[in-house]
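To start, the structure under review is shown below, and the notes come after it.
None of the figures in this text is laboratory data; all of them are computed from the coordinates on show. What you are looking at is a predicted structure, and each value in this text was computed from that prediction instead of being measured. In this analysis, Cβ positions are derived from the backbone assuming ideal geometry, glycine residues included, and neighbour counts consider all displayed protein chains.
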Amino acid sequence: MPLITGAEQAMFAWLAVHAPKITEHHNLQTMRAIRAELLPTNPRFSFDLWALRSAILTKMFTEHGEDVSKVEHAMQVFAKARNQVQMYDDVMPVLNTLGKHFRLGSISNGFADLSEIGLADHFKVSLAAHQFGCAKPDPRIFLAACEQLNVAPAQAVYVGDDVLLDVQGAQQAGLKGVWVNRAGKNGLAGIAADFECTDLLSLLGWLQVAD
């Protein structure tokens, strides 16, 4: 199960107890329909997913007469579940190796807490879209990360699991884009990753680094 879906289900389980009118009238599908409805109504929603999710809940709470003050608690339930990341076995060894050779940074469109997950110490720079003001694949957030790391874009490599947001976004900013395609998904026409792999250990070989 995708982590986001699990976090949404945890939030709905909380809502069923503390705001039952919401779960009587809504499920994940209707919540996503409201998301599509609200997304174009506020430019901030394109990069601030916390604000967007809060707005979705506020709309549902208001329409069904639930206490809107509970929205923040519902969001905290979602965030806690969102941060319960089960990392692949190759993540920590590869980060440890890369950290010996490169300056590492991270870019996120979401609001996962790297400290809670246990990854914060690996990155010298961490940019979150909701704080920066734009989201991947906008080149500006990639360029800002490079600037803060004092690395020229042409010397930087961005590694991600989304061929559009991560690979194309990085390449349009002048970085190399690596696609970690663990599930063996089909790519998108017109987007060619500089390197594609099914695990992070393969990345070490491509970068020609060893522990």
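Kindly rank 134-147, 177-190 from highest to lowest mean number of other beta carbons found within 10 Å of each residue.
Top to bottom by mean Cβ count within 10 Å: 134-147, 177-190.
Of the listed values (1) 1.13; (2) 1.05; (3) 1.27, identify the label whose number matches Cα Rg over 2.2 N^0.38 Å calculated from this model.
(1)
Take ARG182 and THR58, extend 7 Å from each Cα along the Cα→Cβ direction, and tell me the distance between the two endpoints in nm.
It works out to 3.5 nm between the two label points.
Name the shape class, rounded, prolate or oblate, that the alpha-carbon gyration tensor gives for region 33-87, where a ≥ b ≥ c are the square roots of its eigenvalues, rounded holds for a/c under 1.5, and otherwise prolate holds if a/b is larger than b/c and oblate otherwise.
Verdict is oblate for region 33-87.
For a label point 7 Å from the Cα of LYS100 along Cα→C-beta, name the residues of region 186-211 whose backbone N is under 20 Å from it.
Only 200-211 fall inside the zone, counting backbone N under 20 Å.
Eight or more residues apart or on different chains, and alpha-carbon atoms under 14 Å: count the Lys pairs in the chain matching that.
4
Size of the dipole of region 64-211 about the Cα centre, Lys and Arg at +1 and Asp and Glu at -1 on the beta carbon, nothing else charged, in debye to 20?
My answer is approximately 280 debye.
Distance between the C-alpha centers of region 71-85 and region 50-70? Whole Å please.
Between the Cα centre of region 71-85 and that of region 50-70, the gap is 15 Å.
Quick one: grab the alpha carbon gyration tensor of region 91-207, order the square roots of its eigenvalues as a ≥ b ≥ c, and give me rounded if a/c is under 1.5, else prolate or oblate depending on whether a/b is larger than b/c.
It is rounded, given that a/c, with a ≥ b ≥ c, falls under 1.5.
Relative contact order of the chain: what whole-number percent is it, with Cα pairs under 8 angstrom and at least 6 residues apart?
15
Calculate for the chain the 222 nm mean residue ellipticity that helices alone would give, adding -39,500 (n - 2.57) per DSSP H run of length 4 or more and normalising by residue count, nearest 500 deg cm²/dmol.
Value at 222 nm, helices only: -13500 deg cm²/dmol.
Looking at the square roots a ≥ b ≥ c of the eigenvalues of the Cα gyration tensor of region 1-111, which shape do they give, rounded for a/c under 1.5, prolate if a/b is larger than b/c, or oblate?
prolate
Report the label-to-label distance for ASP67 and TRP206 in nanometres (one decimal), using points 7 Å from each Cα along the Cα→Cβ vector.
Calculated label separation equals 5.1 nm.
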